[in-house]
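The values are calculated or read from the model by the stated rules, or taken from the named source; none is laboratory data. What you see is a predicted model, and the numbers here were worked out from it, not measured in a lab. Here the Cβ is made from the backbone with ideal geometry for all residues, glycine too, and neighbour counts use every protein chain on show.
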C-alpha cells in the first residue's frame, strides 16, 4: 500500500476547476504517456514520436488530416487534452499556425510542464470556453481556417452547448471554402446522440462522412465516431481501403449511408440540446 501511495504521489497531477484530478501517467500499452482525468483517458502523447497516434479515433483524424492539401495548415483546436493533434500537425506540416482553446488553465499548465511542446512550434493556447473562444479569435481568421477540430469533454461528456446548429455555424464561419471540420463524438447502443450530431452538422456543412470501428458504427458497443464535414466535397476514394487496414476493422459512412444514418434524427439547437451520453467506467478499467 505504501509503494502504491508513493507512486500516486509522484504522478504529475493537477486539480481542475470542478474538482476533478488530471494526471499524466505512463501508458500501460505503448510508449508515451496518457492524460487521465478521474480515471478517464483523455489523450495519449509520445514525446519521442509525435506522429504516433495511439487512440484509434485520433488516428482516424490523422488520416483525414493527411489528405488535406500539402503544406502548412491554419488550424483551430477546441479542447487541449495532451495537445496530441497539434503536435502531430507540427511534426507532419512544419510551419503550421495553430490556435487551441481550452477551458482548464490547470490542465494546460500540467501538460506544458510535463509534456512540453516542440520548441519553435506556432501553437497558441487560449484559456476559455470553446464556444465563447471562437468569437475571440482574430477577425482575420474568418474564412481562412483549413482545419477545425472539436474534441471537447467535461469528464467523459461533451457539453450540450457545443453540440448545436448555432455552435457549428460559429465554427463554420472560420473555415476556408474547402476547410474541414473534424468532430469526435462518443456514443453507445442505438447511436441516438451520434445520429443527431451528424444531422446537426449537415444543417451547416453539407458534405459529411463518418468514420468509426465497425461495431461502434452499427451501435453495438460504446465508442468514438469521427465526423468529417466541409462545404466542399471531401476526398474519400482512399478512405474505405485505409480504414479496413486495421488495427481493427473500421468503416466510412458516406453518401446514401449517411442519409440512412440520420434518418429521423432532428438537428440539435440551443433550446433542446443535451450532453453526450456518459460511458460506463468499466470501459476504462485496466
- Pairs, first at negative phi and modelled with pLDDT under 95 in the stretch 5-29, second in a loop (DSSP other than H, G, I, E, B) and surrounded by fewer than 15 Cβ atoms within 10 Å (Cβ to Cβ), C-beta under 6 Å, six or more apart: 28/286
- Item | Single residue of the stretch 40-65 satisfying the filter (surrounded by fewer than 18 Cβ atoms within 10 Å (Cβ to Cβ) and farther than 23 Å from residue 186 by Cβ) that is farthest from the chain's Cα centre (by Cα) | 48
- Task: Tell me, please, whether a residue that is at pLDDT below 90, assigned to a helix (DSSP H, G or I) and more than 22 Å from residue 267 (Cβ to Cβ) can be found in the stretch 207-214.
- Result: yes
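Among the candidates 106, 176, 130, which residue alone is more than 16 Å from the chain's Cα centre (by Cα) and either surrounded by fewer than 16 Cβ atoms within 10 Å (Cβ to Cβ) or within 21 Å of residue 36 (Cα to Cα) (or both)? Outline the logic, then answer.
On the way: 176 fails: either surrounded by fewer than 16 Cβ atoms within 10 Å (Cβ to Cβ) or within 21 Å of residue 36 (Cα to Cα) (or both); 130 fails: more than 16 Å from the chain's Cα centre (by Cα).
The match here is 106.
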- Message: Can you list the helices (runs of 4 or more DSSP H) lying wholly within the stretch 1-107 that have 1 or more residues being under 18 Å from residue 146 (Cβ atoms)?
- Response: 56-66, 84-92
- Conditions (1) under 20 Å from residue 40 (Cα atoms); (2) in contact with a strand residue (DSSP E or B) (Cβ under 9 Å, 6 or more places away or on another chain): number failed by residue 160: (2)
- Pair list, Cβ < 6 Å and 6+ apart or interchain, from the stretch 191-208 residues that are touching a residue at least 24 places away in the same chain (Cβ under 8 Å) and on the phi > 0 side of the Ramachandran plot to residues that are surrounded by 21 or more Cβ atoms within 10 Å (Cβ to Cβ) and outside any loop (DSSP other than H, G, I, E, B): none
- Message: Take the residues in the stretch 136-152 that are more than 20 Å from the chain's Cα centre (by Cα) and outside any loop (DSSP other than H, G, I, E, B); name whichever of them is surrounded by the most Cβ atoms within 10 Å (Cβ to Cβ).
- Response: 141
- Message: Of the residues 167, 193, only one is over 14 Å from the mean Cα position of the chain (by Cα), modelled with pLDDT of 95 or more, closer than 27 Å to residue 249 by Cα and buried (at least 17 other Cβ atoms within 10 Å of the Cβ); which?
- Response: 193
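To keep it simple, each residue is scored yes or no on (1) at pLDDT below 95; (2) in contact with a strand residue (DSSP E or B) (Cβ under 8 Å, 6 or more places away or on another chain); (3) more than 23 Å from residue 58 (Cβ to Cβ).
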site	(1), (2), (3)
198	no, yes, no
229	no, yes, no
238	yes, no, no
242	yes, no, no
249	yes, yes, no
256	no, no, yes
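Can you find even one residue in the stretch 109-125 that is in a loop (DSSP other than H, G, I, E, B), over 17 Å from the mean Cα position of the chain (by Cα), closer than 23 Å to residue 176 by Cβ and in contact (Cβ under 8 Å) with a residue 24 or more places away in the chain? First the steps, then the outcome.
Pass one, the stretch 109-125, residues in a loop (DSSP other than H, G, I, E, B): 115-122.
Next, from what is left, pick out any that are over 17 Å from the mean Cα position of the chain (by Cα): 115-122.
Going one step further and asking which of them are closer than 23 Å to residue 176 by Cβ, we end up with 121-122.
Still in the running and in contact (Cβ under 8 Å) with a residue 24 or more places away in the chain: 121-122.
There is at least one residue in the stretch 109-125 that is in a loop (DSSP other than H, G, I, E, B), over 17 Å from the mean Cα position of the chain (by Cα), closer than 23 Å to residue 176 by Cβ and in contact (Cβ under 8 Å) with a residue 24 or more places away in the chain.
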- Looking at 81, 155, which is the one that is on the phi > 0 side of the Ramachandran plot, under 18 Å from the mean Cα position of the chain (by Cα) and surrounded by fewer than 21 Cβ atoms within 10 Å (Cβ to Cβ)? 155
- Query: In the stretch 175-196, what residues are more than 26 Å from residue 99 (Cα to Cα) and out of contact with any strand residue (DSSP E or B) (no Cβ under 7 Å at 6 or more places or on another chain)?
  - Reply: 188, 189, 190, 191, 192, 195, 196
